[in-house]
Amino acid sequence: MKHSSVRIVPFGGFDIPGLERWLGECSAKGLRFTEAMGPVAFFERTAPHPVQVHLEPIQGPVEENQELNDIYEQSGWQYLGMFRGSFFVYASPDLEAQAYTDPDSLDYALKKFFRQTLAGGLLLLLANFLLLGLYWQGSPWEIDWLWLRYFPVESLSNGTIIPFLLAALGFLFLDLSYLLGLLHLLCYRSAVVRGTRPKGHRGVGWLLAVGALLLLPVIINTVQLFFGLDYRPYDLEGSGFVTLTDLEGADFPISQSMTLSIDYISHGGTLLQPEYWRFQQYGTYGQNETPNDVPHLELSITRYPLEILAEMRVNEWSRQYINGSGAYQTLDAAYGLDEIHYAPREKQIHTNELTGETHIFLPGGIFVLRRGSTVLFADYYGEQNLPDYLPLFAATFDAL
(Lines give C-alpha, C1' and ligand atoms only; values in the text may rest on other atoms or scores of the structure.)
Protein backbone atom coordinates (compact mmCIF):
# COMPACT_ATOMS: atom_id res chain seq x y z
CA MET A 1 0.00 0.00 0.00
CA LYS A 2 2.94 2.37 0.68
CA HIS A 3 3.88 2.14 -3.02
CA SER A 4 0.41 3.25 -4.22
CA SER A 5 -0.77 6.70 -5.15
CA VAL A 6 -4.17 8.30 -5.72
CA ARG A 7 -4.90 11.12 -8.17
CA ILE A 8 -8.01 13.10 -9.09
CA VAL A 9 -8.74 12.39 -12.76
CA PRO A 10 -8.56 15.82 -14.44
CA PHE A 11 -10.31 14.75 -17.66
CA GLY A 12 -13.90 13.72 -18.31
CA GLY A 13 -14.70 10.03 -18.14
CA PHE A 14 -15.34 9.81 -21.92
CA ASP A 15 -12.52 12.12 -23.05
CA ILE A 16 -10.45 9.32 -24.58
CA PRO A 17 -7.52 11.35 -26.01
CA GLY A 18 -7.25 13.42 -22.83
CA LEU A 19 -7.25 10.36 -20.58
CA GLU A 20 -4.76 8.50 -22.75
CA ARG A 21 -2.36 11.44 -22.74
CA TRP A 22 -2.72 11.96 -18.98
CA LEU A 23 -2.14 8.29 -18.13
CA GLY A 24 0.94 8.35 -20.38
CA GLU A 25 2.24 11.42 -18.53
CA CYS A 26 1.65 9.66 -15.19
CA SER A 27 3.65 6.64 -16.36
CA ALA A 28 6.49 8.94 -17.39
CA LYS A 29 6.50 10.24 -13.80
CA GLY A 30 6.68 6.75 -12.30
CA LEU A 31 2.96 6.18 -11.74
CA ARG A 32 1.69 2.95 -13.31
CA PHE A 33 -2.12 2.87 -13.64
CA THR A 34 -3.96 0.06 -11.81
CA GLU A 35 -7.64 1.07 -11.62
CA ALA A 36 -10.07 3.99 -11.44
CA MET A 37 -13.08 4.46 -9.22
CA GLY A 38 -15.39 7.46 -9.42
CA PRO A 39 -13.40 10.68 -9.67
CA VAL A 40 -10.04 9.14 -8.66
CA ALA A 41 -7.47 6.84 -10.25
CA PHE A 42 -5.04 4.56 -8.43
CA PHE A 43 -1.42 4.07 -9.40
CA GLU A 44 1.50 1.88 -8.46
CA ARG A 45 4.82 3.67 -7.97
CA THR A 46 7.44 2.38 -10.38
CA ALA A 47 10.46 3.71 -12.22
CA PRO A 48 9.56 6.46 -14.71
CA HIS A 49 8.62 4.75 -17.95
CA PRO A 50 7.25 6.68 -20.97
CA VAL A 51 4.55 4.69 -22.72
CA GLN A 52 1.79 5.08 -25.27
CA VAL A 53 -1.60 4.44 -23.61
CA HIS A 54 -4.69 3.15 -25.36
CA LEU A 55 -8.23 2.98 -23.97
CA GLU A 56 -10.34 0.22 -25.45
CA PRO A 57 -14.12 0.73 -24.89
CA ILE A 58 -15.65 -2.18 -22.99
CA GLN A 59 -18.50 -3.55 -25.07
CA GLY A 60 -19.40 -6.65 -23.09
CA PRO A 61 -19.27 -7.78 -19.47
CA VAL A 62 -17.30 -5.47 -17.19
CA GLU A 63 -14.61 -8.02 -16.43
CA GLU A 64 -11.11 -8.77 -17.62
CA ASN A 65 -11.10 -10.12 -21.18
CA GLN A 66 -8.16 -12.50 -21.43
CA GLU A 67 -8.74 -13.19 -25.13
CA LEU A 68 -8.58 -9.48 -25.92
CA ASN A 69 -5.52 -9.09 -23.68
CA ASP A 70 -3.74 -11.83 -25.66
CA ILE A 71 -4.53 -10.11 -28.94
CA TYR A 72 -3.10 -6.81 -27.69
CA GLU A 73 -0.10 -8.55 -26.13
CA GLN A 74 0.79 -10.03 -29.50
CA SER A 75 0.92 -6.49 -30.85
CA GLY A 76 3.20 -5.29 -28.05
CA TRP A 77 0.58 -3.85 -25.68
CA GLN A 78 0.43 -4.63 -21.95
CA TYR A 79 -2.88 -4.76 -20.09
CA LEU A 80 -2.89 -2.42 -17.04
CA GLY A 81 -6.47 -2.55 -15.74
CA MET A 82 -9.99 -1.19 -16.17
CA PHE A 83 -10.97 2.46 -16.10
CA ARG A 84 -14.34 2.85 -14.27
CA GLY A 85 -15.86 -0.11 -16.04
CA SER A 86 -15.76 1.87 -19.30
CA PHE A 87 -12.35 1.07 -20.80
CA PHE A 88 -9.63 -1.54 -20.80
CA VAL A 89 -6.30 0.25 -20.38
CA TYR A 90 -3.30 -0.89 -22.45
CA ALA A 91 0.22 0.51 -22.63
CA SER A 92 3.04 0.14 -25.17
CA PRO A 93 6.68 1.21 -24.85
CA ASP A 94 6.48 2.25 -28.50
CA LEU A 95 5.40 5.89 -28.33
CA GLU A 96 4.26 5.76 -31.95
CA ALA A 97 2.18 2.57 -31.52
CA GLN A 98 -1.37 2.60 -32.86
CA ALA A 99 -4.00 0.19 -31.52
CA TYR A 100 -6.12 0.66 -34.64
CA THR A 101 -4.72 0.95 -38.15
CA ASP A 102 -8.20 1.15 -39.66
CA PRO A 103 -10.16 4.34 -38.77
CA ASP A 104 -13.42 2.62 -39.68
CA SER A 105 -12.83 -0.08 -37.06
CA LEU A 106 -12.11 2.55 -34.41
CA ASP A 107 -15.19 4.53 -35.40
CA TYR A 108 -17.32 1.38 -35.17
CA ALA A 109 -16.04 0.69 -31.65
CA LEU A 110 -16.68 4.30 -30.62
CA LYS A 111 -20.19 4.22 -32.08
CA LYS A 112 -21.13 1.19 -30.00
CA PHE A 113 -19.56 2.76 -26.93
CA PHE A 114 -21.52 5.97 -27.53
CA ARG A 115 -24.80 4.03 -27.52
CA GLN A 116 -23.81 2.36 -24.23
CA THR A 117 -22.98 5.76 -22.80
CA LEU A 118 -26.43 7.09 -23.73
CA ALA A 119 -28.01 4.15 -21.88
CA GLY A 120 -25.90 5.00 -18.84
CA GLY A 121 -27.32 8.51 -19.00
CA LEU A 122 -30.81 7.10 -18.44
CA LEU A 123 -29.60 5.54 -15.20
CA LEU A 124 -28.11 8.88 -14.16
CA LEU A 125 -31.42 10.60 -14.93
CA LEU A 126 -33.27 8.01 -12.84
CA ALA A 127 -30.87 8.61 -9.94
CA ASN A 128 -31.63 12.34 -10.21
CA PHE A 129 -35.36 11.77 -9.87
CA LEU A 130 -35.13 9.18 -7.09
CA LEU A 131 -32.75 11.03 -4.79
CA LEU A 132 -34.21 14.49 -5.34
CA GLY A 133 -37.72 13.04 -5.02
CA LEU A 134 -36.84 11.57 -1.64
CA TYR A 135 -36.04 15.03 -0.27
CA TRP A 136 -38.57 17.03 -2.32
CA GLN A 137 -39.92 18.74 0.80
CA GLY A 138 -36.62 20.59 1.02
CA SER A 139 -36.93 22.00 -2.50
CA PRO A 140 -36.98 25.80 -2.91
CA TRP A 141 -40.65 25.80 -3.94
CA GLU A 142 -41.60 23.98 -0.72
CA ILE A 143 -39.60 26.20 1.66
CA ASP A 144 -41.30 28.86 3.76
CA TRP A 145 -38.81 31.60 2.93
CA LEU A 146 -40.10 33.97 5.60
CA TRP A 147 -39.64 31.28 8.23
CA LEU A 148 -36.18 30.49 6.84
CA ARG A 149 -35.23 34.14 7.10
CA TYR A 150 -36.10 34.50 10.76
CA PHE A 151 -35.49 30.92 11.95
CA PRO A 152 -32.70 29.59 9.71
CA VAL A 153 -31.29 27.02 12.15
CA GLU A 154 -34.69 25.44 12.80
CA SER A 155 -35.52 25.41 9.07
CA LEU A 156 -32.21 23.89 7.98
CA SER A 157 -32.42 21.22 10.71
CA ASN A 158 -35.56 19.59 9.32
CA GLY A 159 -33.61 16.87 7.51
CA THR A 160 -34.78 17.74 3.99
CA ILE A 161 -33.50 21.19 2.94
CA ILE A 162 -29.77 20.51 3.28
CA PRO A 163 -29.95 17.04 1.64
CA PHE A 164 -32.00 18.43 -1.26
CA LEU A 165 -29.66 21.35 -1.86
CA LEU A 166 -26.55 19.14 -1.68
CA ALA A 167 -28.13 16.56 -3.98
CA ALA A 168 -29.29 19.21 -6.47
CA LEU A 169 -25.86 20.84 -6.58
CA GLY A 170 -24.09 17.48 -6.73
CA PHE A 171 -26.21 16.26 -9.62
CA LEU A 172 -25.70 19.58 -11.40
CA PHE A 173 -21.95 18.90 -11.49
CA LEU A 174 -22.44 15.19 -12.31
CA ASP A 175 -24.92 15.86 -15.11
CA LEU A 176 -22.71 18.58 -16.56
CA SER A 177 -19.73 16.21 -16.43
CA TYR A 178 -21.76 13.54 -18.23
CA LEU A 179 -23.06 15.91 -20.94
CA LEU A 180 -19.61 17.35 -21.59
CA GLY A 181 -18.30 13.80 -21.76
CA LEU A 182 -20.81 12.97 -24.50
CA LEU A 183 -19.81 16.11 -26.37
CA HIS A 184 -16.12 15.25 -26.15
CA LEU A 185 -16.83 11.69 -27.29
CA LEU A 186 -18.70 13.03 -30.33
CA CYS A 187 -15.79 15.38 -31.06
CA TYR A 188 -13.39 12.47 -30.84
CA ARG A 189 -15.47 10.40 -33.26
CA SER A 190 -15.55 13.30 -35.71
CA ALA A 191 -11.78 13.70 -35.40
CA VAL A 192 -11.27 9.99 -36.10
CA VAL A 193 -13.32 10.29 -39.29
CA ARG A 194 -11.28 13.34 -40.37
CA GLY A 195 -8.01 11.60 -39.50
CA THR A 196 -7.05 14.10 -36.79
CA ARG A 197 -6.64 13.67 -33.03
CA PRO A 198 -7.92 16.24 -30.47
CA LYS A 199 -5.84 16.91 -27.39
CA GLY A 200 -8.57 16.51 -24.73
CA HIS A 201 -10.16 18.89 -22.27
CA ARG A 202 -8.35 19.12 -18.93
CA GLY A 203 -10.33 20.21 -15.89
CA VAL A 204 -13.65 18.54 -16.73
CA GLY A 205 -12.84 15.67 -14.37
CA TRP A 206 -13.11 18.02 -11.42
CA LEU A 207 -16.82 18.39 -12.12
CA LEU A 208 -17.25 14.69 -11.31
CA ALA A 209 -15.02 15.01 -8.23
CA VAL A 210 -16.97 17.95 -6.82
CA GLY A 211 -20.32 16.35 -7.66
CA ALA A 212 -19.33 13.08 -5.97
CA LEU A 213 -18.08 14.96 -2.91
CA LEU A 214 -21.39 16.83 -2.59
CA LEU A 215 -23.46 13.67 -3.05
CA LEU A 216 -21.48 11.53 -0.60
CA PRO A 217 -23.12 12.92 2.60
CA VAL A 218 -26.55 12.70 0.93
CA ILE A 219 -25.96 9.04 0.07
CA ILE A 220 -24.83 8.28 3.63
CA ASN A 221 -27.89 10.11 4.96
CA THR A 222 -30.14 8.12 2.60
CA VAL A 223 -28.62 4.82 3.74
CA GLN A 224 -29.34 5.80 7.35
CA LEU A 225 -32.96 6.47 6.42
CA PHE A 226 -33.27 3.25 4.42
CA PHE A 227 -32.02 1.09 7.29
CA GLY A 228 -34.08 2.93 9.93
CA LEU A 229 -31.06 4.46 11.66
CA ASP A 230 -32.73 7.87 11.67
CA TYR A 231 -35.08 6.98 14.55
CA ARG A 232 -33.79 5.30 17.72
CA PRO A 233 -36.31 5.70 20.61
CA TYR A 234 -35.66 4.31 24.08
CA ASP A 235 -37.58 3.79 27.33
CA LEU A 236 -38.48 6.72 29.54
CA GLU A 237 -37.67 4.71 32.66
CA GLY A 238 -34.05 5.26 33.55
CA SER A 239 -33.60 7.88 30.84
CA GLY A 240 -32.79 10.71 33.25
CA PHE A 241 -35.40 13.01 31.72
CA VAL A 242 -37.52 15.34 33.84
CA THR A 243 -41.11 14.07 33.96
CA LEU A 244 -44.43 15.54 34.99
CA THR A 245 -44.26 13.34 38.08
CA ASP A 246 -41.02 15.09 39.11
CA LEU A 247 -42.82 18.42 38.96
CA GLU A 248 -46.28 17.57 40.26
CA GLY A 249 -45.50 14.76 42.70
CA ALA A 250 -45.67 10.97 42.74
CA ASP A 251 -49.46 10.96 43.28
CA PHE A 252 -50.20 13.08 40.22
CA PRO A 253 -52.27 11.05 37.70
CA ILE A 254 -50.72 10.83 34.23
CA SER A 255 -52.95 10.55 31.18
CA GLN A 256 -52.91 7.09 29.60
CA SER A 257 -53.60 8.48 26.14
CA MET A 258 -50.76 7.43 23.83
CA THR A 259 -51.16 10.62 21.82
CA LEU A 260 -50.68 12.83 24.88
CA SER A 261 -48.32 10.97 27.19
CA ILE A 262 -45.53 8.70 26.00
CA ASP A 263 -43.51 6.22 28.01
CA TYR A 264 -40.43 6.49 25.77
CA ILE A 265 -37.99 9.11 24.55
CA SER A 266 -38.41 9.92 20.87
CA HIS A 267 -34.82 10.02 19.66
CA GLY A 268 -33.22 10.22 16.24
CA GLY A 269 -31.05 12.11 13.79
CA THR A 270 -28.85 11.46 10.78
CA LEU A 271 -25.69 12.83 9.23
CA LEU A 272 -27.64 15.78 7.78
CA GLN A 273 -30.19 16.16 10.57
CA PRO A 274 -29.05 17.08 14.10
CA GLU A 275 -29.56 14.51 16.83
CA TYR A 276 -32.78 15.20 18.73
CA TRP A 277 -34.84 14.01 21.71
CA ARG A 278 -38.59 14.59 22.25
CA PHE A 279 -40.84 13.82 25.22
CA GLN A 280 -44.23 14.97 26.53
CA GLN A 281 -46.66 14.13 29.34
CA TYR A 282 -50.16 15.34 30.18
CA GLY A 283 -52.19 14.91 33.32
CA THR A 284 -55.50 13.08 33.42
CA TYR A 285 -58.44 15.33 32.53
CA GLY A 286 -62.15 15.07 33.15
CA GLN A 287 -65.09 14.74 30.77
CA ASN A 288 -65.68 18.48 30.57
CA GLU A 289 -61.98 19.32 30.32
CA THR A 290 -59.43 19.47 27.52
CA PRO A 291 -55.75 18.47 27.63
CA ASN A 292 -54.84 22.14 27.99
CA ASP A 293 -56.84 22.36 31.23
CA VAL A 294 -54.46 20.07 33.13
CA PRO A 295 -50.73 20.31 33.89
CA HIS A 296 -48.49 19.11 31.06
CA LEU A 297 -44.86 19.20 30.06
CA GLU A 298 -43.18 19.11 26.64
CA LEU A 299 -39.43 18.69 26.20
CA SER A 300 -37.42 19.15 23.02
CA ILE A 301 -33.63 18.74 22.91
CA THR A 302 -31.32 19.12 19.92
CA ARG A 303 -27.59 18.59 19.61
CA TYR A 304 -26.03 20.63 16.80
CA PRO A 305 -22.73 19.91 15.05
CA LEU A 306 -21.39 23.37 15.96
CA GLU A 307 -21.78 25.40 19.13
CA ILE A 308 -22.49 28.58 17.20
CA LEU A 309 -25.58 26.90 15.71
CA ALA A 310 -26.79 26.07 19.22
CA GLU A 311 -26.32 29.71 20.24
CA MET A 312 -28.31 30.86 17.23
CA ARG A 313 -31.04 28.30 18.01
CA VAL A 314 -31.35 29.59 21.58
CA ASN A 315 -31.98 33.04 20.15
CA GLU A 316 -34.60 31.59 17.79
CA TRP A 317 -36.40 29.74 20.59
CA SER A 318 -36.55 32.87 22.71
CA ARG A 319 -38.23 34.72 19.83
CA GLN A 320 -40.43 31.93 18.59
CA TYR A 321 -42.24 30.36 21.52
CA ILE A 322 -43.71 32.87 23.94
CA ASN A 323 -47.21 31.33 24.11
CA GLY A 324 -48.66 33.95 26.40
CA SER A 325 -45.56 34.12 28.61
CA GLY A 326 -43.78 37.26 29.61
CA ALA A 327 -40.46 38.34 28.13
CA TYR A 328 -37.58 35.92 28.53
CA GLN A 329 -35.31 36.50 31.49
CA THR A 330 -31.63 35.67 31.15
CA LEU A 331 -30.48 33.98 34.34
CA ASP A 332 -26.93 33.53 35.56
CA ALA A 333 -25.23 30.41 34.22
CA ALA A 334 -25.31 27.59 36.77
CA TYR A 335 -25.29 23.80 37.11
CA GLY A 336 -22.86 23.48 34.21
CA LEU A 337 -25.16 25.30 31.79
CA ASP A 338 -23.82 27.94 29.42
CA GLU A 339 -27.12 29.75 28.92
CA ILE A 340 -30.35 29.88 30.93
CA HIS A 341 -33.42 31.68 29.63
CA TYR A 342 -36.74 31.62 31.44
CA ALA A 343 -40.15 33.02 30.49
CA PRO A 344 -42.79 32.87 33.25
CA ARG A 345 -46.40 32.27 32.32
CA GLU A 346 -49.07 33.91 34.45
CA LYS A 347 -52.46 32.38 35.17
CA GLN A 348 -55.15 33.95 32.99
CA ILE A 349 -58.91 33.97 33.48
CA HIS A 350 -61.08 34.54 30.45
CA THR A 351 -64.86 35.13 30.63
CA ASN A 352 -66.96 34.63 27.53
CA GLU A 353 -69.01 37.80 27.03
CA LEU A 354 -71.86 35.90 25.40
CA THR A 355 -72.21 32.87 27.68
CA GLY A 356 -70.59 34.19 30.82
CA GLU A 357 -68.56 31.00 31.09
CA THR A 358 -65.15 31.37 32.70
CA HIS A 359 -62.06 29.55 31.50
CA ILE A 360 -58.80 29.42 33.41
CA PHE A 361 -55.53 29.22 31.51
CA LEU A 362 -52.84 27.53 33.54
CA PRO A 363 -49.67 29.32 34.58
CA GLY A 364 -46.24 27.77 34.15
CA GLY A 365 -43.18 28.77 32.20
CA ILE A 366 -40.63 28.04 29.49
CA PHE A 367 -36.97 27.10 29.83
CA VAL A 368 -34.43 27.49 27.04
CA LEU A 369 -31.16 25.98 28.25
CA ARG A 370 -27.87 25.43 26.48
CA ARG A 371 -24.82 23.40 27.32
CA GLY A 372 -22.18 23.46 24.60
CA SER A 373 -23.81 22.54 21.30
CA THR A 374 -26.96 21.07 22.91
CA VAL A 375 -30.16 23.07 23.43
CA LEU A 376 -33.10 22.09 25.67
CA PHE A 377 -36.55 23.63 25.32
CA ALA A 378 -39.06 22.88 28.12
CA ASP A 379 -42.65 24.14 27.99
CA TYR A 380 -44.57 23.59 31.25
CA TYR A 381 -48.18 24.34 32.14
CA GLY A 382 -48.98 23.99 35.83
CA GLU A 383 -48.84 25.57 39.26
CA GLN A 384 -45.22 24.71 40.06
CA ASN A 385 -42.43 27.30 39.98
CA LEU A 386 -40.25 26.04 37.14
CA PRO A 387 -36.93 27.66 38.27
CA ASP A 388 -37.08 25.53 41.44
CA TYR A 389 -36.49 22.49 39.24
CA LEU A 390 -33.59 23.92 37.25
CA PRO A 391 -31.12 21.35 38.72
CA LEU A 392 -33.30 18.53 37.37
CA PHE A 393 -33.39 19.99 33.88
CA ALA A 394 -29.63 20.61 33.97
CA ALA A 395 -29.10 16.96 34.96
CA THR A 396 -30.99 15.89 31.83
CA PHE A 397 -27.97 16.95 29.75
CA ASP A 398 -25.85 14.39 31.59
CA ALA A 399 -28.23 11.61 30.50
CA LEU A 400 -27.97 12.34 26.77
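The values are calculated or read from the model by the stated rules, or taken from the named source; none is laboratory data. Predicted model, so just to flag it, every value in this text is computed and none were measured. Here Cβ is always computed from backbone atoms with ideal geometry, including for glycine, and neighbour counts include all displayed protein chains. Ligands, DNA and RNA are stripped out before the accessible areas are found, and what is left, the full protein with its side chains, is counted by its heavy atoms. Shrake-Rupley method; radii C 1.70, N 1.55, O 1.52, S 1.80 Å.
Over the chain, give the accessible area per residue in Å² for a 1.4 Å probe, as an integer.
Details: 21300 Å² over 400 residues.
Counting only protein heavy atoms, the per-residue value for the chain is 53 Å².
Which of the listed residues, Tyr264, Gln281, Leu244, is farthest toward the dipole's positive end in segment 242-309, when Lys, Arg count +1 and Asp, Glu count -1 at the beta-carbon?
Tyr264
For the chain, give the magnitude of the charge dipole about the Cα centre (Cβ charges: +1 Lys/Arg, -1 Asp/Glu; no others), in debye to the nearest 20. All intermediate terms of the calculation are to be shown ahead of the outcome.
On the way: 25 positive and 44 negative charges, 430 e Å.
The calculated dipole for the chain is roughly 2060 debye.
With a 1.4 Å probe and all protein chains left in place, how much of the accessible area of the chain comes from carbon and sulfur atoms, in whole percent?
Values: 12400 of 21300 Å².
Carbon and sulfur: 58 percent of the exposed surface of the chain.
When the Karplus curve 6.51 cos²θ - 1.76 cosθ + 1.60 is applied with θ = phi - 60°, which whole-Hz ³J(HN,Hα) does each residue of segment 22-29 get, with x for Gly and Pro?
Result, ordered by residue: 5, 5, x, 5, 5, 4, 5, 9 Hz.
To the nearest 20 Debye, how big is the dipole of segment 197-344 about its Cα centre, given +1 on the beta carbon of each Lys and Arg and -1 on that of each Asp and Glu? Mind dumping the intermediate values first?
Details: 8 positive and 17 negative charges, 320 e Å.
In debye, rounded to 20, segment 197-344 gives about 1540.
Once the principal axes of the Cα atoms of the chain are found, what is the range along each, listed largest first in whole angstroms?
100, 50, 34
How high is the relative contact order of segment 262-400, given as a whole-number percent (alpha carbon pairs under 8 Å, six or more residues apart)? Before the final figure, lay out the partial values.
Working: 265 pairs, mean separation 31.1, N = 139.
In percent, rounded to a whole number, it is 22.
With θ set to phi - 60° and the Karplus curve 6.51 cos²θ - 1.76 cosθ + 1.60, what are the ³J(HN,Hα) couplings of segment 177-183 in order, to the nearest whole Hz, using x for Gly and Pro?
4, 5, 5, 5, x, 4, 4
Between rounded, prolate and oblate, where does segment 1-122 land on the alpha carbon gyration tensor, with a ≥ b ≥ c its root eigenvalues, rounded for a/c under 1.5, else prolate if a/b exceeds b/c?
The shape class here is oblate.
Which residues' amide hydrogens lie under 5 Å from the amide hydrogen of Gly12, considering only partners 5 or more residues apart or on another chain, with H built in the peptide plane?
Residues meeting the criterion, in which the H sits 1.01 Å from N, are His201, Val204, Gly205.
Along the Cα→Cβ direction, 7 angstrom out, place labels at Glu63 and Cys187. What is the inter-label distance in nm?
3.7 nm
What does the helix-only formula give at 222 nm for the chain: each DSSP H stretch with n ≥ 4 adding -39500 (n - 2.57), the total divided by the residues, and the result rounded to the nearest 500 deg cm²/dmol?
On the way: 10 runs with 149 residues, N = 400.
Rounded to the nearest 500, it is -12000 deg cm²/dmol.
May I ask you to order 387-398, 157-168 by the average number of other C-beta atoms within 10 Å around their residues, highest value first?
On the way: 387-398: 15.5, 157-168: 20.7.
Result, highest mean Cβ count within 10 Å first: 157-168, 387-398.
Restricting attention to segment 225-301, which chymotrypsin sites (Phe, Trp or Tyr not before Pro) occupy a DSSP loop and are surrounded by at most 10 other Cβ atoms within 10 Å? Could you put the intermediate results ahead of the total?
Working: sites: Phe226, Phe227, Tyr231, Tyr234, Phe241, Tyr264, Tyr276, Trp277, Phe279, Tyr282, Tyr285; in loops: Phe227, Phe241, Tyr285.
Passing both the DSSP loop test and the Cβ count: Phe227.
Out of segment 142-206, which trypsin sites (Lys or Arg not before Pro) are coil in DSSP terms and have no more than 15 other C-beta atoms within 10 Å?
Hits after loop and neighbour filter: Lys199, Arg202.
Work out the charge dipole of the chain with +1 on the Cβ of Lys and Arg and -1 on the Cβ of Asp and Glu about the Cα centre, then indicate which of Ala119, Phe227, Gln59 is farthest towards its positive end.
Going by the Cα projections, it comes out as Gln59.
From the phi of every residue in segment 272-282, what ³J(HN,Hα) in whole Hz does the Karplus formula 6.51 cos²θ - 1.76 cosθ + 1.60 yield, where θ is phi - 60° and glycine or proline is x?
Per-residue couplings from phi come out as 10, 9, x, 5, 9, 9, 9, 7, 8, 9, 10 Hz.
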